[in-house]
Amino acid sequence: MTADYLLLTPGPLTTTATVKAAMQHDYSTWDHDYNAITQGLRRDLLTLANVPASDYAAVLLQGSGSYAVEGTIQTAVPANGTLMIAINGAYGRRMSEICDYLHLAHVDVVFDETTPVTLPRVAEVLAQHPEVTHFAMIHCETTTGILNPIETVIPAMKAHGLTTIVDAMSSFAGVPIAPATLGIDYLISSANKCLQGVPGFAFVIARRAAIAQTKGNARSLSLDLFAQLTTMDAHAGKWRFTSPTHVVLAAAQAMAELFAEGGVPARNARYTANQQHLTTGMAALGFEQIVDAAWQSPIITSFAFPSADFDFDAFYQTMKAHGFVLYPGKVSQCASFRIGTIGDVHDADITRLLAAIAAVGKPVVATASA
Ligand SMILES: *Cc1c(COP(=O)(O)O)cnc(C)c1O
């Protein structure tokens, strides 16, 4: 038995005891009761996204979040299409890498990692590339914690006639999103982020009129979202191939707990309060956040090392001994670390965390010379 740490990470994250307990049942993937749980989850995902079941469908896919990103790109974009990707961090770059694996034409619009994607730059590049058919961007770029402005960019891409893909992996269910109003054709997320389930599957909320036209596009059998949706629709929630049964039970429990909390607005309010408490407390301890507060998401925050000789590994180990698991940094241009504020994490946890950081101090790397 290992100790339970509070995971201050962007997923897998700390789940409730009741979500973990929900996994203590074995189901057959052919069983009607089990498939009814999948159907309930699919309906609830549409409710969370505030989209009508006549226009959108939830497709669940085995694997981590990247599987669904890869599945969406190859299902949505035909071999002769061109995907434009707005990139300001590792997850945007991952989309670009997926296109390379698929030998799919793509136009990357690269921004600085510490600034958000902006519509004027995207529109300018688009004007130079009339071959572009599809557009993709990241909502919360978990690399830094920046919340990109899908509210301005997506409607403009839609108005230009492009099919739109949003990676809302780390924001869906924690930040309100209006796919129908914005014109999002494919919205991607996974079970183990703001939904507060455990890892094992991802999902795509797809506009039916868009995905209906994608038959035969996929270059991979397992990641064919059109085929996955067709099977789920035709067989009342049955997954193609083995589904992660225990993970689905945990997700159904997590969904019930999300509604009991008050839905996305209440969860957003809790995460926002966590994040503000964290950054205020960290600033008082001498840790500055890297992202401008105007673009900072409530999901995860990047902090610059307080000094050039700050020893993150020592800090990480000491914080772990205090029961808190922090997250290494991912910003290319400066030394940083991250603290997530999502999951079953509450104000009292942030108070305890800040007290522990104050007690630990700022370990520095011992220099060789005396
Ligand atoms: C977590 C995450 C993913 C998926 O990562 P996996 O490790 O494959 O689950 C994709 N995009 C964003 C923005 C994420 O935060």
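The values are calculated or read from the model by the stated rules, or taken from the named source; none is laboratory data. Computed from a predicted model, the values in this text were never measured in an experiment. Note that each Cβ is placed from the backbone with ideal geometry, even for glycine, and that neighbours are counted across all protein chains shown.
Of all residues in region 42-84 being out of contact with any strand residue (DSSP E or B) (no Cβ under 9 Å at 6 or more places or on another chain) and polar (S, T, N, Q), which is farthest from Gln228 (Cα to Cα)?
Asn50
Looking at region 347-370, which of its residues are at pLDDT 95 or above and either surrounded by 16 or more Cβ atoms within 10 Å (Cβ to Cβ) or assigned by TED's automatic domain parsing to the domain that holds Asn192 (or both)?
The answer is Asp349, Ile350, Leu353, Leu354, Ile357.
Return the only residue of Gly286, Gly323, Gly263, Gly340 being in contact (Cβ under 8 Å) with a residue 24 or more places away in the chain, of a type outside the set (Phe, Trp, Tyr) and more than 26 Å from Val19 (Cα to Cα). Before you say what the answer is, go through the steps one by one.
Values: Gly323 fails: more than 26 Å from Val19 (Cα to Cα); Gly263 fails: more than 26 Å from Val19 (Cα to Cα); Gly340 fails: more than 26 Å from Val19 (Cα to Cα).
Answer to the selection: Gly286.
Filter region 72-98 down to residues that are part of a loop (DSSP other than H, G, I, E, B) and closer than 18 Å to Asn217 by Cα and give me whichever is nearest to the ligand (Cβ to nearest atom). Spell out how you get there, then give the answer.
Keep residues of region 72-98 that are part of a loop (DSSP other than H, G, I, E, B), which gives 77-81, 88-89.
Applying the additional criterion that residues be closer than 18 Å to Asn217 by Cα yields 77-81.
Working: Val77: 17, Pro78: 23, Ala79: 24, Asn80: 26, Gly81: 21 Å.
My answer is Val77.
Do you know which of the residues in region 38-71 that are more than 16 Å from the ligand (Cβ to nearest atom) and of a type in the set (Gly, Ala, Ser) is nearest to Ala256 (Cα to Cα)?
Taking the candidates together, the pick is Gly40.
For region 110-130, how many residues meet the condition of being within 20 Å of Lys330 (Cβ to Cβ) and either surrounded by fewer than 19 Cβ atoms within 10 Å (Cβ to Cβ) or not charged (D, E, K, R) (or both)?
We begin by selecting, within region 110-130, every residue within 20 Å of Lys330 (Cβ to Cβ); these are 110-117.
Going one step further and asking which of them are either surrounded by fewer than 19 Cβ atoms within 10 Å (Cβ to Cβ) or not charged (D, E, K, R) (or both), we end up with 110-112, 114-117.
Selection size over region 110-130: 7.
Which pairs have Cβ atoms under 6 Å, sit 6 or more apart or on different chains, and link a residue in region 42-65 that is surrounded by 23 or more Cβ atoms within 10 Å (Cβ to Cβ) to one that is of a type in the set (Ser, Thr, Tyr)?
Leu61/Tyr67; Gly65/Ser190
Residues in region 303-330 that are closer than 15 Å to Gly340 by Cα and either of a type in the set (Ser, Thr, Tyr) or in a loop (DSSP other than H, G, I, E, B) (or both): how many?
First, the residues of region 303-330 that are closer than 15 Å to Gly340 by Cα: 303-304, 316, 319-320, 323-330.
Next cut, either of a type in the set (Ser, Thr, Tyr) or in a loop (DSSP other than H, G, I, E, B) (or both) only: 316, 323, 326-327, 329-330.
Total satisfying the criteria: 6.
Only residues that are in a helix (DSSP H, G or I) and over 19 Å from Thr9 (Cα atoms): list them for region 281-302, please.
Ala283, Ala284, listed by residue number.
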